[in-house]
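What follows is a set of notes on a single structure, which appears directly below.
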Amino acid sequence: MTRRRDFITLLGGAAAAWPLAARAAAMPVIGFMSTRSPEDSAYVLAAFRRGLAEGGFVEGQNVAIEFRWARGRYDLLSDMAAELVSRRVAVLTTAGGEPSPLAAKRATSTIPIVFGIGGDPVALGVVESFSRPGGNATGVTLLTNLMEPKRLGLLRDLVPGVPLIGVLLNPEFAPALHYSQEVEEAARSHP
């Protein structure tokens, strides 16, 4: 009799827990990948979670988030994107500049990709055009790369007659070569 009661209790507990397990399995998963670390992205994460909550999504309640952090190691991005794609995330959110959406774009043509970058997503090949992005990627750009010539001009106005201006760029950052070329072009055209 005791074994039968234990068995019924076990079945009852499993039956009660099953709807919770089924809901957890059906919970959509967001893949979040960044070139940065969580420590230097606290403000981005706070805004990301706030935006999700405004849309009715609360982490752990009705959405799960899988985070991947490259911590400045751009060579890890392709593997991170491939891993998130293999986990069948519902959407890939990319942060930390242009290398993240580029890696995501190489990893999938079907999972939606949401990005926030400073460069031109059309020139980078992340989207087809601003008005009709096409494909599976969409996002926001600040077009900060267009500011490089303006910054150089402002610096020359503030400190006229300086014969040499140095520019620091991370050679591991994919768009650095493009930014460097833009600054050099601006320097030649506005001596």
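Descriptive notes on the structure:
- Check on Val91, open to solvent by less than 40 Å² (accessible area, probe 1.4 Å), modelled with pLDDT of 95 or more and over 27 Å from Val122 (Cβ atoms): no
- Set Pro112, Pro121, Pro160: member being farther than 23 Å from Arg71 by Cα and open to solvent by less than 70 Å² (accessible area, probe 1.4 Å): Pro112
- For region 168-178, a residue qualifies if it is touching a residue at least 40 places away in the same chain (Cβ under 8 Å) and either under 16 Å from Lys150 (Cβ atoms) or surrounded by 13 or more Cβ atoms within 10 Å (Cβ to Cβ) (or both), and the qualifying residues are Phe173, Ala174, Pro175, His178.
- Residues that are out of contact with any strand residue (DSSP E or B) (no Cβ under 8 Å at 6 or more places or on another chain), under 24 Å from Ala123 (Cβ atoms) and not polar (S, T, N, Q) within region 142-168 comprise Leu143, Leu146, Met147, Glu148, Pro149, Lys150, Arg151, Leu152, Gly153, Leu154, Val167, Leu168, listed in sequence order.
- Any hit, region 47-61, residues being crowded, with 17+ Cβ neighbours inside 10 Å and in a strand (DSSP E or B): no
- Which numbered condition Arg36 misses (of (1) more than 17 Å from Gly139 (Cβ to Cβ); (2) assigned to a loop (DSSP other than H, G, I, E, B)): (1)
- Enumeration of residues in region 94-107 that are open to solvent by 10 Å² or more (accessible area, probe 1.4 Å) and without any contact (Cβ under 8 Å) to a residue 40 or more places away in the chain: Lys105, Arg106, Ala107
The values are calculated or read from the model by the stated rules, or taken from the named source; none is laboratory data. Fair warning: this is a prediction, and the values are worked out from it, not measured in the lab. Counting neighbours? That spans all protein chains shown, and the Cβs are built from the backbone with ideal geometry, glycine included. What goes into the accessible areas is simple: the full protein's heavy atoms, side chains included, and nothing from ligands, DNA or RNA. Shrake-Rupley method; radii C 1.70, N 1.55, O 1.52, S 1.80 Å.
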